[in-house]
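The values are calculated or read from the model by the stated rules, or taken from the named source; none is laboratory data. What you are looking at is a predicted structure, and each value in this text was computed from that prediction instead of being measured. As a convention, Cβ positions derive from the backbone with ideal geometry for all residues, glycine included, and neighbour counts pool all protein chains shown. With ligands, DNA and RNA removed, areas are computed over all heavy atoms of the protein, side chains included. Shrake-Rupley method; radii C 1.70, N 1.55, O 1.52, S 1.80 Å.
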Amino acid sequence: MANPGGGTVCNGKLHNHKKQSNGLQSRNCTKNGIVKEAQQNGKTHFYDKLIVESFEEAPLHVMVFTYMGYGIGTLFGYLRDFLRNWGIEKCNAAVERKEQRDFVPLYQDFENFYTRNLYMRIRDNWNRPICSAPGPLFDVMERVSDDYNWTFRFTGRVIKDVINMGSYNFLGLAAKYDESMRTIKDVLEVYGTGVSSTRHEMGTLDKHKELEDLVAKFLNVEAAMVFGMGFATNSMNIPALVGKGCLILSDELNHTSLVLGARLSGATIRIFKHNNTQSLEKLLRDAVIYGQPRTRRAWKKILILVEGVYSMEGSIVHLPQIIALKKKYKAYLYMDEAHSIGAVGPTGRGVTEFFGLDPHEVDVLMGTFTKSFGAAGGYIAGRKVREGPLVSV
Ligand SMILES: Cc1ncc(COP(=O)(O)O)c(C=O)c1O
């Protein structure tokens with residue numbers, strides 16, 4: 001991996017800018033509002049240097065045709081819904097039964113509009129069943145639809161060696177049948193598959209403890225908790241950390257599991273521009289100055305939500321600057337390392353290692369086992385006891 005000092009990030013790749021003049025660097029750093037915060041005890045750290053990101057823009061004609069396609073699909077969707085309403089076209093979608101009319105509806109008609117009218121047309125591009133390990137190449141089971149993608153049937157033919165663009169396997173572990181597979185088999189034989197279900201139901205086993213200790217040791221933090229699903233690690237734990245009267249500051253490109261967790265928490269949510277410390281600082285400053293709307297009481301907690309490496313763009317979080325801001329404004333930082341753990345940093349310990357920072361600088365380290373580790377589940381890690389009351393809402 002490239003040296004974090006003095007590099008610039010382009011589509012997740014760092015480019016060396018060491019040759020740039022100091023004048024340019026300091027001008028940009030000041031512009032980003034990071035110079036003072038990035039210096040601690042008068043010492044200048046490597047991350048004072050310029051981080052410049054650039055993303056490949058989608059060509060204009062692609063965007064125009066995509067939006068036009070969705071526009072036309074939507075118009076036809078309304079037309080077909082009209083025909084279905086009048087019984088002119090058969091509706092294959094789930095609908096409320098007549099005798100259940102007086103109950104709370106199970107299917108919201110409009111919410112399914114996209115699924116019914118647009119997704120159905122392109123559905124076969126995804127969700128293809130595979131029948132080999134999900135390595136860089138895999139085998140796909142051929143299927144066909146006789147009713148415009150509402151249902152599928154397998155033809156029995158297997159399409160060999162298709163390029164896998166649909167799943168993550170950063171370290172190649174998902175397709176590796178070696179000692180680790182034998183260990184998994186042995187553990188499953190003793191514990192059964194229930195070992196990965198929720199501990200509220202199945203209890204805590206020594207294997208959970210072993211895994212948590214291993215995760216904490218790997219991340220170099222005091223403690224870790226593991227959960228059976230990465231998505232739920234975010235969506236179910238954020239509400240345990242913040243609630244009503246708290247403020248969440250969320251990067252605009254955060255993953256949907258973070259967005260759902262934030263929404264379920266009941267906290268007020270404000271969005272800052274992607275990886276933009278100026279935009280974040282403005283929100284933090286306003287939050288501290290104005291407090292909660294109407295009452296003007298101070299926010300109970302301010303939680304910043306970011307990702308280590310952003311899944312769709314490949315950009316790396318500007319962690320040193322964000323840590324400096326969270327300290328300055330006494331906020332908490334929650335970082336989702338789904339895409340960076342195992343893959344970023346000289347020994348794969350994630351973004352904190354990449355920037356040479358103490359992992360305890362991030363209040364809540366979250367990650368998943370799906371991308372690098374060829375498994376399932378997620379973790380929350382950090383200090384056992386915080387100085388501030390992050391956990392009690
Ligand atoms: C940033 C991020 N967080 C969380 C998740 C959820 O993880 P999982 O797929 O392990 O449930 C994903 C999944 O893609 C992700 O990209």
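Of Tyr334, Tyr329, all but one fail to be open to solvent by less than 20 Å² (accessible area, probe 1.4 Å) and of a type in the set (Phe, Trp, Tyr); the exception is Tyr334.
When you check Arg157 against the structure, is it farther than 30 Å from Arg349 by Cβ, surrounded by 12 or more Cβ atoms within 10 Å (Cβ to Cβ) and not polar (S, T, N, Q), yes or no?
No; evaluated as a whole, the condition is false for this residue.
Every listed requirement among (1) in a loop (DSSP other than H, G, I, E, B); (2) over 21 Å from Leu173 (Cα atoms); (3) within 11 Å of the ligand (Cβ to nearest atom) is met by Lys371 save one, (2). If we keep just the residues of the range 272-299 that are part of a helix (DSSP H, G or I), in contact (Cβ under 8 Å) with a residue 24 or more places away in the chain and of a type in the set (S, T, N, Q), which is surrounded by the fewest Cβ atoms within 10 Å (Cβ to Cβ)? Among those that are part of a helix (DSSP H, G or I), in contact (Cβ under 8 Å) with a residue 24 or more places away in the chain and of a type in the set (S, T, N, Q), it is Gln278. Tell me the residue from Asn220, Asn237 that is assigned by TED's automatic domain parsing to the domain that holds Lys301, away from the ligand (no atom under 16 Å from the Cβ), surrounded by 12 or more Cβ atoms within 10 Å (Cβ to Cβ) and within 19 Å of Pro359 (Cβ to Cβ), please. That would be Asn220, the only listed residue that is assigned by TED's automatic domain parsing to the domain that holds Lys301, away from the ligand (no atom under 16 Å from the Cβ), surrounded by 12 or more Cβ atoms within 10 Å (Cβ to Cβ) and within 19 Å of Pro359 (Cβ to Cβ). The single condition from (1) outside any helix (DSSP H, G or I); (2) farther than 30 Å from Thr183 by Cα; (3) touching a residue at least 24 places away in the same chain (Cβ under 8 Å); (4) more than 11 Å from the ligand (Cβ to nearest atom) that Met335 fails is (4).
Scanning the range 181-210 for residues that are open to solvent by less than 70 Å² (accessible area, probe 1.4 Å), modelled with pLDDT under 85, of a type in the set (A, V, I, L, M) and closer than 20 Å to Gly230 by Cα gives a single hit, Val195. Residues in the range 136-148 that are open to solvent by less than 40 Å² (accessible area, probe 1.4 Å) and out of contact with any Phe, Trp or Tyr (no Cβ under 9 Å at 6 or more places or on another chain): 3 in all. Filter the range 300-309 down to the residues that are in contact (Cβ under 8 Å) with a residue 60 or more places away in the chain and within 12 Å of the ligand (Cβ to nearest atom), then identify the one that is surrounded by the fewest Cβ atoms within 10 Å (Cβ to Cβ). By that ranking, first place goes to Val309.
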